[in-house]
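Heads up, the thing below is written out as structure tokens.
The values are calculated or read from the model by the stated rules, or taken from the named source; none is laboratory data. Because the structure is a prediction, the values reported are computed rather than measured. Every residue, glycine among them, receives a Cβ derived from its backbone with ideal geometry; neighbour counts consider all protein chains shown.
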Amino acid sequence: MKKEIYEWLVAIIVAFALYFIIHQFLFVVYTVNGDSMHPTLKNGEKVIVSKINYTLGDIHKGDVVVFHADSKDDYVKRVIGTAGDKVRYQDDQLYVNDKKVDEPYLEENKLSKTNVQLTENFTVKDISTPSVDVIPEGKLLVLGDNREVSKDSRYFGLIDEDQVVGEVSLRFWPFNVFHYNFDPAQ
């Protein structure tokens, strides 16, 4: 009887240790709260966020990330610009380093508008403090895909790379919208 209790205790301790390691260093589950990433992600959907992607690699433009907005809230947004980028919106068109960038993830939202800009004109200089022309080292410009309702870098400025929890790598709930690739280039 003692041997069986001991085996159960060891199994439970190992399970908790594995859960802690996975949750702390590899992956975490988030529930999307709000419509700022619609139609890419919708309110109530559950996603898996990979913490390890940025431990082993860099944050890239187009990545959908979760970051700590403050001490109690986490936001999910798309990375539009990284360190060294000169970003501007002009007439509802994104330009990064003076090159036109397509944003296919905005098409559904643009279809619902007529003669109204989805994203107002702005530059990095307009949203950064202190005011700079290019995104400084260690900073990111993030925007929601649903530009009309999103609180993002236009609202709170550039974010620190250290605020990023990880990259959204899988949407698993509800099952009928299972999706694993949020890269607009693919």
Checklist entry - Restricting attention to region 127-136, which residues are modelled with pLDDT under 85, within 22 Å of the chain's Cα centre (by Cα) and surrounded by 12 or more Cβ atoms within 10 Å (Cβ to Cβ)? => result 128
Item to check | Sole residue being part of a loop (DSSP other than H, G, I, E, B) and surrounded by 15 or more Cβ atoms within 10 Å (Cβ to Cβ), chosen from 59, 48, 80 | outcome: 59
Item to check | Selected residue (only one of 138, 157 is among the small types (Gly, Ala, Ser) and in contact with an Asp or Glu (Cβ under 6 Å, 6 or more places away or on another chain)) | outcome: 138
Next on the checklist: Of all residues being free of Cβ contacts under 8 Å to residues at least 60 places away in the same chain and hydrophobic (A, V, I, L, M, F, W, C) in region 28-52, which is nearest to residue 165 (Cα to Cα)? Just the residue, please.
Outcome noted: 29
Next on the checklist: For region 147-159, give me the residue count where each residue is over 13 Å from the mean Cα position of the chain (by Cα) and either among the charged types (D, E, K, R) or at pLDDT below 90 (or both).
Outcome noted: 7
